[in-house]
1. Quick check on the exposure proxy: order B:112, A:177 from fewest to most C-beta atoms within 10 angstrom.
2. How crowded by other chains is A:22-34, given as the mean number of beta carbons from other chains within 10 Å of each beta carbon?
3. Taking 0.36 nm per residue of separation and subtracting the Cα-Cα distance, what length does fully extending residue A:53 through residue A:260 add?
4. Taking every DSSP beta bridge that has both residues in chain A, what percent is antiparallel when rounded to the nearest 5?
5. For residue A:202 and residue A:16, calculate 0.36 nm times their separation in residues minus their Cα-Cα distance, and state this gained length in nm to one decimal.
6. Pop the C-beta distance of residue B:122 and residue B:36 into the FRET formula with R0 = 25 Å and round what comes out to the nearest 0.05.
7. How many percent of DSSP beta bridges within region A:37-173 run antiparallel, rounded to 5?
8. Per DSSP H run of n ≥ 4, the term is -39500 (n - 2.57); total these for chain A, divide by its residue number, and report the mean residue ellipticity at 222 nm rounded to 500 deg cm²/dmol.
């Protein structure tokens, strides 16, 4: 008997429905799976065989052909185990097929008939509503994640037997629900705080501006001056994610398989700090079957690159396009996918290989050509895309022994959130979310300068010989500074502060 | 009289070339023993299958590239049975003894049998029957139904 079971697949971040068609003829026993299956799908034959017999069912005789439609898209992963097993059992009339039309089934089987979690369940579930699908059967570990989607009943099962008995109407399973607002209201608490960092008032202010406008930052300073400490505390002053942003981030983590069963929704902004030996594919995403890279995993959060010039030059240069566009498109022979990559780049580096260049107390031992080579790793186009260049000098003795508590993350975050609220109101009718992502037409519309500011900017551009992009960046940063100030127009003092964050341009 | 003429005819002579290049002859009765063991095993197997309500249709069916020990009917199934006979001291398990090449040989024979006899629309099965024999003449059986599939 021909049986059709609905399942799902993902291409990039978009889910779609896959129909698993199972039919058998009498003859020599065997199974074949068609419809561009990959190795994991082909192997499901063996898992299905043992799962069926170990669940107490009779393995149906005859030759089975299993077709995964649409047949022209490659099917990956073990998630078709459960639909195939259910299809075979239904084909041999051990399971009733009444519910199949409105049900989507996902899950990997273990040999004992238990269900294991699979990747990418959230984007798959998001694609289901509107297709006449009423319920989705998922492994228990994936239940929380699936329940984030409204409009479909989530039936969490622990085994093939449980799913079969549910489909036969022998047991009823209550749809799994999750309280999204409760997940959000639970306050994120950090173990680290901005007040831990002594001194560095200038750098703290720069990070506040960066957080308020979503700008990219490069911190330059001697070893031990607190660059890494500052960067790690940046998430504590960022405003919390909105529900839609959180779902976007969670989708990416679901596809990558980084979602734990305990934490189904990512409510904190991601902080990714890949090591400097990471490859360009690791950063940008890719592989034979494309997978999101670090830039996408840092979507809506921070990508922290410590020891910036130590990264391979290729790796640094591939950052240019996502920094500008906020998305990465990966084209491979098999498929082409687009992942979002709206992240804040926070980079940290020493001023020279030994780290003491320009230090007032210690002397640098690097020969000049080495310093030049070190800086040469950072190309002009890349530096142009970094809005804020911040020097983080070594702390003085008095500052180190100072025990006055600094400003806490909590109070900085309040100011940042106010500035972000202004931006959300400003960009309400556009796709843009923060100042750093403004398009040229938005810059023209929203970055209104008063007369003093206008003349200051003009003379700065002339004297410092800045590029067109640097000009644009200064306007965006000064917009953020004005927002922090609560000012409608950009004033001369805002422009002045923005210009001094371009120290590497000035130094040239 | 030459020594080899005194030997029974069904004993095998295996000649081996040593590393030094010298040819030595070894007389072995291994081959005879395993084939007779197999033959006896098949006879016992038929008996066992009949006792378990199989109807034996054919024995030692051969196709061009394959063979199957016993073809039988078990209810609605046509069953192709591979018989493995073990004497005490043998190694391995019956399923392990049916390797890829053997499987392909059985499958080929099965396909040919179904085609030549124009058998359609009947479910088939591959069983492996292991027979363990001890020196004292005790025999035990292990029938593995649906042992493998066409892949």
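Nothing in this text is a laboratory measurement; each read-out follows from the coordinates by a stated rule. Bear in mind the structure is a predicted one, so any value in this text is a computation, not a measurement. No Cβ is skipped: glycine too gets one built from the backbone with ideal geometry, and neighbour counts run over all protein chains shown.
1. Lowest count first: A:177, B:112.
2. Mean inter-chain Cβ contacts per residue within 10 Å come to 4.
3. 71.5 nm
4. Close to 45 percent.
5. Full-extension gain reported as 62.0 nm.
6. 0.15
7. Within region A:37-173, antiparallel bridges account for around 25 percent of the total.
8. Only helices count here, giving -10500 deg cm²/dmol.
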